[in-house]
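The values are calculated or read from the model by the stated rules, or taken from the named source; none is laboratory data. Given the structure is predicted, the values throughout are model-derived calculations rather than measurements. Positions of Cβ are generated from backbone atoms using ideal geometry, with glycine treated the same way; all protein chains shown enter the neighbour counts. What goes into the accessible areas is simple: the full protein's heavy atoms, side chains included, and nothing from ligands, DNA or RNA. Shrake-Rupley method; radii C 1.70, N 1.55, O 1.52, S 1.80 Å.
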Amino acid sequence: MAKILILAETQNGKLKRSTLELVTWSRKSGQSVSALLWGSAAPAGAKELGQNGIKDIWVVESAGYDTYNPDMCAQTLHEVTKKTAATLILGSTSAMARDLFPRVAARMNSGVISDGTELQLQGESVTVKKPLLSAKVLAKMTFDNSPVQFVLMRANQLPVEAPSSSATPSVGSGAATGVELHAVSAAQPLLAVVKQVVKGASEKLDLTEANIIVSGGRGLKEAGNFKLLNELAEVLGATVGASRAVVDAGWVSHGMQVGQTGKTVAPSLYIAVGISGAVQHLAGMSASKVIVAINNDPNAPIFQKATYGIVGDLFEVVPKLTQEFKRILHK
Amino acid sequence: MKIFVCVKQVPDTETKVRIAADGLSIDNTAIKWVMNPYDEFAVEEAIKIRDLNAGSQTIVIGLGPKKRVPDSLRTALAMGCDEAILIDAPENLDSLATARCLAKVIGQEGGADLILNGKLAIDDNASAVSQMIAEFLNCAHATVVSKISPSPEGFEIERDSEGGTKEIVMVKKPAVLGANKGLNIPRYASLPGIMKAKKKVIKEIDSASLGVDLSPRTKIASLELPPEKPPVRLISGDVAAQVQELVRSLRDEAKVL
């Protein structure tokens, strides 16, 4: 029997979808499952975890954890891993967990497998499927002699399901509900101190977790035309991305870059507008479930990866597309 | 300041990948190897910081098979690094074993004030070695770093978090920092630089002689090529018809809306 510990993450006071994916998978695995979460939103997140069938929850309720400090978070994850005797630590490939897991894994003489797209459990051992070499190869990875198995899963790969209502405990009214809350005290920063956080312009989901991405390239001709994509993204609740060419041209910030020296994404829907599809770009998005390409060049390589394509003038197509989505989604 | 830069050699993105006969590794015969693109930012930053801080020294370390890795070390020397060390090691050591070797060698060489890496290597996308080196050296780390300012106690760094958010963090010295794009623009090696690099002696260390545990914690159980994508469905008609058909398909066929 594996003992699972999920590192839960919240955004705007709610559990991230990526966390709910791990919760659903773990609950259905039939193993013993604990979860750890921290920050000011931890109590709200703990309640939501309870509603989703997690019965053993470890909480650091501290504003000191609202900003990620690798030093403090590593101490806490290490402590709770030991206390729960967890053998499988699950996180999503977020900025935080990606930075944190390897540090704690090394502390525990253990390995990490990141970027997972599928997860299977046999006894105590997990097998993780992950893309390698810009998704030109898919590997099934296993652990060997690793006291603890640290796994980072990509967002939007696993289904989210609510537990059947009879199994739903409610948090806060003691042992009768079956949920146990453990308070963990905050760690002290020893090696690093976060001095300041400069919030990005976007309150949207990060590209790596977005379910829909609208991405623009050189075909947009100038920075100001990104407003066409912002309008389209607004209607779809999507996050806006970009190709390397327009990031290097200074039209948009590097945080928006999709591809080899940007972010690797796998949304349900990726709409590439005016992007020709250099191999470095394809490396970052070809795992998307459905890809739409809009480009005036029928020979653009992006069409080889696309599910649907429109060969045409994006300045005509995109505004009409925005209107059509608006009509269909908001009627 | 004593600055180490760790570089990894990775297959060029344009390289066609074949699975080897054992089904567990990549056929290496036709691969073009290059320095991991993020490591170029690390090399550039090391040279810049050295040049701004008198009496500093840059040492580049590469780990992997002796028959190919020295090429990337020569590239780093040609860009301007002072010395190079090769840790001769088998293909595909895992992240933990790699970090153990690097930490051990850095310790043997008298320790570091700063260790610069790329934030991840584009072959396995793991983003693990920086944090693990820092753990073994019991020092601070930061990844996805886009600005580094040395200060008396350590380094003030900027790192890119999610959604365009930047975190400004003070890390104590010594520190392991993982470079992101945006940190700098890597220079091209100059011709005199290349000539000079050719004459430099690369120090060689056998990984098996380091006395560290090289056994893997993670391994590949099987490899497969991704399934072929069906060809694109190009939507024809005038723009209004194209757009209607696309939205209908996304909603009714692909069911992603």
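Between A:GLU316 and B:VAL201, the simple label model (points 7 Å from Cα in the Cβ direction) yields a spacing of 7.0 nm.
To the nearest 10 degrees, how steeply does helix B:37-52 sit against the main Cα axis of chain B, on a 0 to 90 scale? Approximately 40 degrees, to the nearest 10. With the simple model of a label 7 Å out from the Cα in the direction of the Cβ, A:ASP66 to B:ASN53 spans 3.3 nm. Here region A:3-183 yields Rg over Rh of 0.95, to two decimals, using C-alpha coordinates and the Kirkwood radius.
Just in region A:206-308: which GluC sites (Glu not before Pro) are loop by DSSP and have at most 14 other Cβ atoms within 10 Å?
Listed in order of number, the matching sites are A:GLU222.
Taking B:LYS166, B:LYS66, B:LYS104 in turn, the Gaussian network model of chain B (Cα-Cα springs below 10 Å) assigns the largest fluctuation to B:LYS166. Evaluated over the Cα positions of region B:1-113, the convex hull gives a direction-averaged projected area, one quarter of its surface, of 7.4 nm². Normalise the Debye intensity by I(0) for chain B, one equal point scatterer per Cα, no solvent, then take log10 at q = 0.15 Å⁻¹ and round to two decimals. Cα-only, vacuum Debye calculation for chain B: -1.05. Once you wrap a convex hull around the alpha carbon atoms of the protein assembly as shown, what is its projected area averaged over all directions, in nm²? Directional mean of the projected Cα hull area for the protein assembly as shown stands at 27.2 nm². Seen against the Cα atoms of chain A and their longest principal axis, helix A:226-236 is set at about 50 degrees.
Restricting things to alpha carbons, find the Rg to Rh ratio for region A:207-329 using the Kirkwood radius for Rh.
Looking at region A:207-329, the ratio lands at 0.92.
Note on A:SER185/B:GLU14: beta-carbon distance plugged into 1/(1 + (r/R0)^6) with R0 of 56 Å gives a FRET efficiency of 0.60. For chain A, with all protein chains in place and a probe radius of 1.4 Å, 50% of the accessible heavy-atom surface sits on carbon or sulfur.
How high is the relative contact order of chain B, in percent, counting Cα pairs under 8 Å that sit 6 or more residues apart? Relative contact order, chain B: 23 percent.
Taken along its three principal axes, the alpha carbon spread of region B:112-231 comes to 54, 45, 38 Å, from the longest extent down to the shortest.
Among the listed pairs B:LYS119/B:LYS255; A:LYS28/A:LYS130; A:LYS136/B:LYS166, those with a Cα-Cα distance over 25 Å are B:LYS119/B:LYS255; A:LYS136/B:LYS166. Based on every Cα atom in chain A, Rg and the maximum pairwise Cα distance Dmax equal 21.2, 64 Å.
Taking trypsin sites (Lys or Arg not before Pro) across region B:4-59, the ones in a DSSP loop with at most 16 further Cβ atoms lying within 10 angstrom of their Cβ are B:LYS16, B:ARG18, B:LYS32.
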